[in-house]
Amino acid sequence: MLCNYQSYPRGGDGYMRLIRFHPDEDRLEAWSFSPYNGRRLRDYQNEFAYSGLGIFPPVPAAYRIDAEQQEVVTELVSDDYLTEPLAVGEVRAFGLAREINVRFTQPLSAATATDPAHYVLMEGPPVRSAQMLADDRTVVLTVGSPLDPGVETLLVVRGLQERLADPAVEPAELRARFVPEAALLVADFAEGDLGEWRVVDEGEFGGPSSWYVSGGRLHQAGNLYGPHPGVVAGRRGTFAYWSRPGAQDWGDYAFKVTVRSRDDDGVGVLFRYRDPANYYKVELDRQRQFRQLVRVREGRETLLAREAGGYELDTDFVLGVEVAGPAIEVTLDGAPLFGGTVRDGALRRGTVGLYCWANPGTEFGDVSVTAPSRSGLPSVRFVPPPRPEAWVPGQSTFTLAAEATADPALGISSVTFYQDDTPLARVFEAPYWLDWVVPAPGHYELRARVTDGAGQRLETRSWLVRVDAAGAIEFVDAPLTVQLVRSQAGKLLFHVPPWPGRSSILETSTNLVDWAPVGAAPELPVPLLTLDPAVGDHPHRFYRAVRRP
């Protein structure tokens, strides 16, 4: 532990670091105190505690008393290993960010905790990565697609090793159920530290800043400001921004935070923050009685909106920002500021931040970043099948495929295929398709449902399908599509349905999301010979014809 106080007055003001250990609680406390001035530093860097150190684990003893022999046999267990079994303490998932925060009851071995193969979501998307946080108990899982908000999900953990466990003991399988939240970020500061909030100090005077977590809120106790006390434009203070990977790519979202200030200077938020030279800022100042919205781009500040007013002193208020494309709406306790919508599309993506200017008495709590209220519904459509006569009666499976789109800020959580009201399969990543097992002869309805990261759902219309006694499939009301007649060494022969007076473009895709042109189709229903050099690069390739305007 390194402590350096030399930047304080008089070469350090006599501050020293004191540490108290509590062996019975396996915990330590640390604080900084100066016998010279009798003061104790109260910020998070100078006053903190750690529990679960693994230094003083309990040493259980088992006694066997033999009364006849008048002896006691004691079995001591090595204090190198913990005896309490590992368990999942809490699971929180943020659907839009595709993240699951799993907090365990014991410190973990990094070798197993960071291996995504140890984590499985039952009937959920695959786990792509696992990152262990500094407390050695919390693991952040990133999954392949957004989770369904509000839908209970089962997490199974296998083979996870405790840091202080006996390696000869086989780790137990752990199971935990949780309900994902429809949010990019939910921060209540319950962990007691800044976590992945990163502090940037811009001001020249009254510093340094002092950010710390206490009582479930993020506090700032420094008086940092610049360039001078009377400035209104170009103010430079201190801020903490959310630095989790992926947050820089957030586009449209609704950002809310609870704020309380015991000082009357500047306080506010940043949004679509890219770096210290590119962001939007909302700032409220009670002493100077103004509220303003500014854009900082390439280091130059532009005023977008300003009005008279401030905020209530020493009272909680909720500051909200909603951005959707170029539209910006700022609210104070739900009431719109700046006359409603302000339009500026210069910055389209970025994370969020919490801001202070010459304000040593500010606290922030209950931060949330969710989907904007105006987010569009997702869309889904079946990829029409080839003509019915192209399919041989009696085949056992038939490939069903769907195209799905959603707001990029939300992402697609899943596409579910239904036969009548029975779910056939839930697909989490593009391409969205499945091999449908052809049922017994009869009439059926096929549907596909898309769910985005905010839990919004949309379904296709039902396809009426008839299966005859020979196993032949007839799509009663399905439109025709491109038919692949022959394929040999990248040479493809297609039949494209004609649109009188309209030509079409033939396109190909491997994921039903990204399409590339491979040729132009004539207006007449004649076979179309074209080349697709990449035809063998992917196990599934899809083709469609798009009408030209």
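Could you tell me whether LEU410 is at pLDDT below 90, surrounded by 22 or more Cβ atoms within 10 Å (Cβ to Cβ) and not charged (D, E, K, R)?
Answer is yes for this residue.
If GLY159 satisfies every condition in (1) exposed (fewer than 13 other Cβ atoms within 10 Å of the Cβ); (2) more than 24 Å from the chain's Cα centre (by Cα) but one, which is the exception?
(1)
Of all the residues that make up region 219-258, how many are surrounded by fewer than 21 Cβ atoms within 10 Å (Cβ to Cβ) and β-branched (Val, Ile, Thr)?
Total satisfying the criteria: 3.
Just wondering, is there one or more residues in region 275-289 that are over 23 Å from GLU363 (Cβ atoms), without any contact (Cβ under 8 Å) to a residue 24 or more places away in the chain and in the same structural domain as ALA233 (by TED's automatic domain parsing)?
Within region 275-289, one or more residues are over 23 Å from GLU363 (Cβ atoms), without any contact (Cβ under 8 Å) to a residue 24 or more places away in the chain and in the same structural domain as ALA233 (by TED's automatic domain parsing).
Out of region 26-39, which residues are at pLDDT 90 or above and in a strand (DSSP E or B)?
LEU28, GLU29, ALA30, TRP31, SER32, PHE33, SER34
If I filter region 242-253 for residues that are closer than 19 Å to ARG272 by Cβ, assigned to a strand (DSSP E or B) and outside the structural domain of GLU29 (by TED's automatic domain parsing), do I get at least one hit?
yes
Taking the conditions exactly as written (closer than 19 Å to ARG217 by Cβ, assigned to a strand (DSSP E or B) and of a type in the set (Phe, Trp, Tyr)), does PHE271 satisfy them or not?
So PHE271 does not fit the description; no.
Take the residues in region 440-473 that are of a type in the set (Asp, Glu) and under 16 Å from ASP420 (Cα atoms), then tell me which one is modelled with the lowest pLDDT.
Looking at residues that are of a type in the set (Asp, Glu) and under 16 Å from ASP420 (Cα atoms), I get GLU459.
From the set of residues in region 393-407 that are surrounded by 13 or more Cβ atoms within 10 Å (Cβ to Cβ) and in a loop (DSSP other than H, G, I, E, B), which is modelled with the highest pLDDT?
ALA406
Just checking, does region 207-220 include any residue being part of a loop (DSSP other than H, G, I, E, B) and either hydroxyl-bearing (Ser, Thr, Tyr) or modelled with pLDDT of 95 or more (or both)?
Yes; the residues of region 207-220 include at least one that is part of a loop (DSSP other than H, G, I, E, B) and either hydroxyl-bearing (Ser, Thr, Tyr) or modelled with pLDDT of 95 or more (or both).
Only one of these conditions is not met by PRO146: (1) more than 26 Å from TYR241 (Cβ to Cβ); (2) buried (at least 18 other Cβ atoms within 10 Å of the Cβ). Which number is it?
Looking at each condition in turn, PRO146 falls short on (1).
For residues that are assigned to a strand (DSSP E or B), of a type in the set (S, T, N, Q) and free of Cβ contacts under 8 Å to residues at least 40 places away in the same chain, tally how many sit in region 430-468.
0
The values are calculated or read from the model by the stated rules, or taken from the named source; none is laboratory data. Bear in mind the structure is a predicted one, so any value in this text is a computation, not a measurement. Positions of Cβ are backbone-derived with ideal geometry, glycine not excepted, and every protein chain shown enters the neighbour counts.
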